[in-house]
Structure formats: structure tokens, C-alpha cells
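Structure, as C-alpha cells:
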Amino acid sequence: MGSINSSNRRSRMSSSVDLTSGQSEDLSREEPEGGNEGEGGAAARGGDEVTDSDNEQHDLSTILAYLIRSGQVRILHSDQDEDYTDDDEGYFEHPKPAPIADPNPDTSRIKKNDIYEETLLKTGRSSAFDKTHPTIPQMLFKRQCGMQNQGKFIPSDRRVISKPFLPNSSTTLDNYRQKTFCGTYSVDGNIFLSASQDQCIRVYDTRDDEFKLLKKVRARDVGWSVLDTAFSPDGNYMAYSSWSDCIHLCNVYGDEEIHQALPLHPNANSFCIFSLTFSSDNREIMGGANDGNLYVYDRDSGQRSLKIETHEDDVNAVAFADRSSQILFSGGDDGLIKVWDRRTLKEGSPVPVGIMAGHYDGITFIDSKGDSRYLLSNSKDQTMKLWDVRNFSPQDAIEQTKRAVSKQRWDYRWQQVPKRMLKKPQLEGDGSVMTYRGHSVLHTLIRCRFSPEYSTGQRYVYTGCALGNLVVYDLLSGNVVRKLEGHRSCVRDVSWHPYENNIMTASWDGTVRKWTYEAKDEINDLRVDSPDDNGNSDDDDDDESRRRRRSLRHCHEKRLSKKQRTSSQCEYLMPEKCGGLFD
């Protein structure tokens with residue numbers, strides 16, 4: 001997560017209120033209860049008395065810490081990028097300009113990769129050369145006549161049917177007073193976990209299409225916020241991380257709260273885990289930390305079992321490659337993704353099995369496809385990339401990435417995206433299979449994920465966005481198939497139900513939303529008297545907006561009068577009406 005993107009750039013940070021670099025980093029976190037004297041405290045000075053000036057200095061630091069956290073004070077840089085101007089300045093504002101989806105994604109690499117044919121087969125197409133587009137009535141007819149898979153629908157058939165019904169409408173399920181950082185489904189989809197900046201972790205029962213609060217846990221050792229959460233595969237435990245040298249473990253079920261601190265033994269004064277994940281057998285928890293190391297805690301032995309010096313900067317993301325838990329992935333602020341084989345690790349300076357390079361800024365999140373071959377990464381360079389783990393980058397590409405990252409002079413947490421990042425550059429030696437553009441990565445470590453195997457065949461990849469959007473890409477074409485707008489601030493975490501057709505989003509506007517498919521006419525979206533999300537009706541809008549909506553409504557009513565409603569609904573199911581989802 002870091003300050004800018006690499007350690008050598010942290011030292012250049014200065015403040016508009018004359019804070020030193022060390023004070024800036026200290027104040028970017030919330031101080032513990034009871035205060036923290038730090039370098040200016042009596043213990044550091046070796047004195048026995050605390051003077052009035054010391055108290056004033058401490059009070060000022062506490063006030064500045066609050067102002068920075070609330071966004072009322074910004075950290076400015078003495079060496080701002082030449083592409084960054086005062087006109088673009090703004091704390092947590094929407095990117096200027098907004099990101100534009102790539103109109104012509106380069107698919108030359110992915111079409112040569114195994115994932116192309118595999119995904120087509122899983123999603124109901126026999127091969128890339130099969131140009132037929134079966135309709136739902138045709139599939140039903142063949143099934144009833146016994147002409148298709150012995151009269152049954154196989155998983156790929158179900159995925160064909162579900163393609164036109166991607167989520168398009170949202171419902172706000174909960175609203176908190178502060179930013180929501182995490183929101184994820186359990187492996188079976190029966191539990192949803194959210195973490196807010198109000199230091200509370202909430203566990204919801206989502207069975208039978210409900211959203212019922214089961215438990216509310218007060219997080220411990222929280223500074224800025226709970227940074228990441230994870231469910232154990234059996235669904236009985238949850239883990240979370242914060243500014244602490246421990247991973248915290250809690251039970252999901254039961255009235256009595258079981259709260260364990262799993263020590264990782266760091267020596268740094270300021271330490272935190274940015275990314276957490278459980279192994280498939282529930283035995284281990286892996287985390288990536290701001291000291292550049294990867295940690296693995298063994299729950300059976302009750303101690304840390306592995307520490308790997310992985311990156312030269314913050315480790316923002318970690319993942320297990322598959323169910324074996326032997327291959328580990330890590331991604332950091334140095335822009336590199338490293339692959340580790342636990343069976344070949346040696347004491348001292350560990351050597352990764354391979355490195356994947358091609359991003360020209362820090363990585364915020366990675367997600368494994370679960371087959372030990374494919375990996376998804378989100379980056380501060382405003383792109384998401386798909387990687388084939390069998391193809392590692394050459395040393396030249398690694399050096400190119402390091403040089404590109406070291407040249408970055410902007411802080412993605414509160415600065416706008418430099419103009420050069422919107423020019424669709426590609427580093428020499430980029431080994432990624434596919435690149436996805438159309439979302440914005442700002443302010444925080446925004447998550448990205450593969451869509452679930454059961455309902456979609458992992459045909460899509462999806463991510464949050466700093467503009468408050470949920471963006472869904474077609475894995476094979478790179479096109480945006482859904483850009484769902486509704487949140488008023490950054491969407492940090494996203495989670496697709498493993499079996500049902502809905503997606504949950506957690507946003508910095510303090511809300512948790514559920515996105516589902518809703519078949520509705522355009523006229524419902526253009527109702528003059530319908531309230532918006534803030535409870536404001538069109539009566540509060542300006543005259544021009546009202547005239548525009550009424551005009552659109554009138555035009556739509558004229559179109560509907562020319563054909564029957566039933567005919568319109570039947571045509572909606574045809575492939576040519578499904579926005580290319582059958583392509």
C-alpha cells in the first residue's frame with residue numbers, strides 16, 4: 001500500500017503543514033488509545049517530566065492525524081509530476097479525466113493461449129471456430145427431444161442460459177457511518193463478511209436470499225482501518241489484519257466470541273499485513289506485509305512457519321496457487337509478481353521460481369484462478385492483467401519494470417492519475433496474456449477477482465473502481481460487459497456469489513450493495529417522480545434535467561406503442577439483444 005510506490009520515494013514526501021517524512025507516515029495512521037509519545041515522548045528523551053510544550057506538540061500531532069485521516073489536510077509533494085497540476089488536485093475526487101475502456105483490446109496473445117479454448121468450452125461454445133449462437137428456445141427444444149446431452153443440461157448449458165442475465169441493478173443492504181473497506185462471501189456463499197472504518201467487523205447470514213446480521217465483532221489494534229479480511233474454507237473462522245504484528249482470528253458461529261492474536265514476530269515499530277488468505281485445508285494463513293516480507297502462520301503448531309523476503313517494498317497482495325498450498329504468489333509496490341515454491345525454498349536469501357513483469361506501477365491485488373496456472377493482478381498503472389504462470393518474464397523485462405516504477409513521482413492515495421498513464425503504454429517484455437482497461441485504481445488497494453466457476457465458468461473478471469463503479473470485463477475479449485454505477489465513492493472490495501447470480505460491493509461511501517439482474521423497461525429508469533439514492537426527487541433537479549427526462553419518456557412510450565410488450569420481452573432473449581454476451 002505504501003506511501004508513494006517505492007521506498008526511495010517515501011523520503012521525498014513533505015506536507016503542506018511542514019510535516020517531516022517520518023511524521024507524515026506516523027500521522028497517516030491512527031494513534032493507539034491513550035496516545036503514543038513516539039520520538040517526542042518522555043521515554044525517547046530520557047526525561048521524567050512532560051512539559052506543557054510537549055503536551056501541546058502531542059495534541060497538535062493528534063489533531064493533525066485526525067485531519068489527515070478525515071481528508072481535511074492533504075500531503076503535498078515537493079517534486080510533483082510535471083503532468084500533475086493544481087487544477088487536477090483533489091483529495092478522493094473522481095479521476096480527471098475518467099478512465100476510458102480500451103475500444104480495441106489486443107487479443108493476439110490470449111487467443112494463442114490454452115485459456116482461450118478452455119473458457120469457450122466451459123461457457124457453452126465447442127471451440128473458437130464454432131460460430132453458432134444457440135438460443136434458449138432451441139436448447140429447450142433439443143433437451144426435451146433428447147437431442148442434447150441425453151435430455152439434460154450440463155454446466156456449460158446452464159452458463160449459456162445465464163449469460164444474458166448479468167447483474168444490472170443494486171440494492172443497498174447496509175449503510176455505515178464510515179468507509180467500508182472489505183466485503184466478501186464465504187466459500188459456500190452462506191456468510192458475508194464486511195469491515196468498516198468504524199472498527200467493526202460484521203457477519204451476515206445470506207442463506208435463502210436474506211441478509212441478516214449474525215455477529216458484530218469489535219476489531220482490535222486498528223489504526224486507519226481493518227485492512228483485509230478472509231474466511232476459512234470451512235466457514236467457521238474469519239481472520240483480519242490491521243496495524244499490528246499479529247493476525248487476528250475470530251469464530252463465525254457461536255454466542256461466545258473467540259478472539260485469538262496470531263503473532264508474526266516483526267521488530268518494526270510500524271507494521272501491518274495488507275493482504276490475507278487461508279490455505280484450502282484451513283491449516284495456514286498467509287499474509288503480505290509492509291516490510292516487504294511474506295508470512296505464513298501454521299494454526300496446528302500455533303506459530304509462524306514461514307517468512308520470505310519477497311519484495312523491495314510493501315507486499316500488497318498474496319495468494320495460494322491451488323489446493324496443494326505449495327505454490328505461493330506475491331505482488332508488491334515494486335510492480336512485480338513473484339512465484340514461490342515452498343519445497344525449494346532455502347534458508348537465507350530465498351530465490352523465487354519465477355517473476356512476472358509488465359506493470360509500470362505498484363500492484364494492489366492479485367487473485368488466483370485456482371488451477372495453479374493463471375493469475376489476475378490489479379495495478380496503480382490503471383490496468384488489470386491476466387498472467388500465465390508457466391511463462392515467466394526475462395531479466396530485461398524485470399529491469400524495465402523496476403525502472404518504470406522507480407520513475408513514478410505521484411501518490412495514488414490523494415493525487416490524480418498522471419496523463420501519461422492514460423496513453424496505453426506497454427512495457428517492453430510485458431509477459432501478460434491480456435490487459436484490461438476501463439476502471440480507475442486510486443486511493444486504496446482496490447480488489448479484482450475471477451468470476452465464479454459454477455455459474456459463469458470464469459468467463460469474466462471484475463473489479464472495483466475509484467469512481468464508485470463495479471466493472472465487469474469479458475475475460476477473452478477484454479471488453480467491458482457491465483459498468484455498474486451507483487456508489488458515491490470508491491468501491492474497494494467486490495465479491496461474486498459462488499453459486500448465485502449476484503455481486504456484493506463494499507464502498508467508501510459506507511454502503512454495502514447487492515447487484516442482481518432485474519428485467520425492467522427503460523421507462524422505469526426515466527420516471528419523473530422517482531427518488532434517487534439520496535432520497536431526492538426530480539423536483540429538486542434543474543429544469544433542463546426534467547425536460548430531458550420527460551422527452552426521453554415520451555420517445556420511449558411512442559416506441560412501445562408500435563409493438564406488444566410480450567414481443568419486446570421475447571426479443572430481449574435473442575443473442576443479438578444481449579450486448580454481445582454470446583460472442
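The values are calculated or read from the model by the stated rules, or taken from the named source; none is laboratory data. Quick caveat: nothing in here was measured; it's all calculated off a predicted structure. Please note: Cβ atoms are built from the backbone with ideal geometry, for glycine as well, and neighbour counts cover all protein chains shown. We work out accessible area using only protein heavy atoms, side chains counted, and drop any ligands, DNA or RNA first. Shrake-Rupley method; radii C 1.70, N 1.55, O 1.52, S 1.80 Å.
Quick notes on this one:
- Residues that are without any contact (Cβ under 8 Å) to a residue 40 or more places away in the chain and open to solvent by less than 10 Å² (accessible area, probe 1.4 Å) within segment 273-294 comprise just one, 289.
- Taking the listed residues 167, 134, the one that is closer than 25 Å to residue 472 by Cβ, surrounded by 15 or more Cβ atoms within 10 Å (Cβ to Cβ) and either at pLDDT 95 or above or β-branched (Val, Ile, Thr) (or both) is 167, with no other qualifying.
- Summed over segment 482-500, the residues that are crowded, with 20+ Cβ neighbours inside 10 Å, part of a strand (DSSP E or B) and not hydroxyl-bearing (Ser, Thr, Tyr) give a count of 6.
- The lone criterion from (1) open to solvent by less than 50 Å² (accessible area, probe 1.4 Å); (2) at pLDDT below 70; (3) over 16 Å from residue 457 (Cβ atoms) left unmet by residue 87 is number (1).
- In segment 501-521, of all residues being open to solvent by 10 Å² or more (accessible area, probe 1.4 Å) and touching a Pro at 6+ places or on another chain (Cβ under 9 Å), the one that is farthest from residue 181 (Cα to Cα) corresponds to 518.
- Single unsatisfied condition, residue 373 versus (1) of a type outside the set (S, T, N, Q); (2) under 18 Å from the mean Cα position of the chain (by Cα); (3) at negative phi: (2)
- For residue 364: the one exception among (1) surrounded by fewer than 24 Cβ atoms within 10 Å (Cβ to Cβ); (2) under 14 Å from residue 288 (Cβ atoms); (3) polar (S, T, N, Q): (1)
- The residues of segment 246-258 include none that are touching an Asp or Glu at 6+ places or on another chain (Cβ under 9 Å) and not in a strand (DSSP E or B).
- Given (1) modelled with pLDDT of 95 or more; (2) touching a His at 6+ places or on another chain (Cβ under 9 Å); (3) more than 22 Å from residue 449 (Cα to Cα), index of the condition residue 185 fails: (3)
- All conditions but one from (1) closer than 19 Å to residue 111 by Cβ; (2) touching a Lys or Arg at 6+ places or on another chain (Cβ under 9 Å); (3) among the hydroxyl-bearing types (Ser, Thr, Tyr) apply to residue 406; the one that does not is (1).
- For residue 245, the test of being among the charged types (D, E, K, R) and within 22 Å of residue 217 (Cβ to Cβ) is passed.
- Residues of segment 188-229 satisfying the condition of being touching a strand residue (DSSP E or B) at 6+ places or on another chain (Cβ under 6 Å), surrounded by 17 or more Cβ atoms within 10 Å (Cβ to Cβ) and of a type in the set (Phe, Trp, Tyr): 192, 204
- Number of the exception - residue 259 against (1) closer than 16 Å to residue 228 by Cβ; (2) open to solvent by 10 Å² or more (accessible area, probe 1.4 Å); (3) in contact with a strand residue (DSSP E or B) (Cβ under 7 Å, 6 or more places away or on another chain): (1)
- Of residues in segment 410-463 being farther than 27 Å from residue 225 by Cα and aromatic (Phe, Trp, Tyr), the one modelled with the lowest pLDDT: 454
- Among the residues here, residue 414 qualifies as farther than 30 Å from residue 278 by Cβ and touching a residue at least 24 places away in the same chain (Cβ under 8 Å).
- Residues of segment 259-272 classified as part of a strand (DSSP E or B) and either in contact with a Phe, Trp or Tyr (Cβ under 9 Å, 6 or more places away or on another chain) or free of Cβ contacts under 8 Å to residues at least 24 places away in the same chain (or both), total: 3
- Among the residues of segment 398-412, some residue qualifies, meaning at least one is part of a loop (DSSP other than H, G, I, E, B), under 14 Å from residue 362 (Cβ atoms), open to solvent by 20 Å² or more (accessible area, probe 1.4 Å) and in contact with a helix residue (DSSP H, G or I) (Cβ under 9 Å, 6 or more places away or on another chain).
- Residues considered: 252, 315. Of these, the only one that is over 22 Å from the mean Cα position of the chain (by Cα) and open to solvent by less than 10 Å² (accessible area, probe 1.4 Å) is 252.
- Whichever residue in segment 414-454 is open to solvent by 20 Å² or more (accessible area, probe 1.4 Å) and assigned to a helix (DSSP H, G or I) and, among such residues, is farthest from residue 395 (Cα to Cα): 454
- Taking each residue of segment 188-207 that is in contact (Cβ under 8 Å) with a residue 40 or more places away in the chain and under 13 Å from residue 229 (Cβ atoms) and looking for partners that are among the β-branched types (Val, Ile, Thr) and assigned to a loop (DSSP other than H, G, I, E, B) with beta-carbon atoms closer than 6 Å, six or more apart or interchain, yields 192/206; 195/226; 203/252.
Conditions (1) in a strand (DSSP E or B); (2) modelled with pLDDT under 95, marked per residue:
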{"position": "189", "(1), (2)": "no, no"}
{"position": "192", "(1), (2)": "yes, no"}
{"position": "203", "(1), (2)": "yes, no"}
{"position": "213", "(1), (2)": "yes, no"}
{"position": "217", "(1), (2)": "yes, yes"}
{"position": "220", "(1), (2)": "no, yes"}
{"position": "224", "(1), (2)": "no, yes"}
{"position": "235", "(1), (2)": "no, yes"}
{"position": "239", "(1), (2)": "yes, no"}
